[in-house]
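Q: Dumping the structure here so I can ask a few things about it.
Every number here is computed from the coordinates shown, using simple stated rules; none is lab data. Just so it is clear, the model here is predicted, and its values are computed rather than measured. Because the Cβ atoms are built from the backbone with ideal geometry, glycine has one as well, and the counts that use them run over all protein chains shown.
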């Protein structure tokens, strides 16, 4: 099946975080990238405790992150550092804010079903 014949059903892209393959949601409406606590536990990385304010979800619920962390993620063979808010529960294991991808010159072509990462 050619890429243009595939139906795009989500804004998820495959990424690798410390050898764990996950589908990450690309979200244009969030102010920060998010990692689910469950994935953070699998990665066995340190989390800085959260002492700041609550954050508001897309459904207008207030939640308090349990911490923040920095992870190296891999998208199509290219590694990137990323800062994440750690949430106990969220719909996806990993959510990348669009600014994260913009920072690295990423182009998401939905018609061709391609993600291209620019050079820095």
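Q: Tell me whether the range 26-86 comes out rounded, prolate or oblate; compute the Cα gyration tensor, take square roots of the eigenvalues as a ≥ b ≥ c, and use a/c under 1.5 as the rounded threshold.
A: It comes out oblate by the Cα gyration axes.
Q: Each label point is 7 Å from the Cα along the Cα-to-Cβ direction; what then is the distance between the points at residue 43 and residue 58, in nm?
A: In this crude spin-label approximation the distance works out to 2.1 nm.
Q: What's the FRET efficiency of residue 32 with residue 78 using the Cβ-Cβ distance as r and R₀ = 30 Å, to the nearest 0.05?
A: The value I calculate is 0.90.
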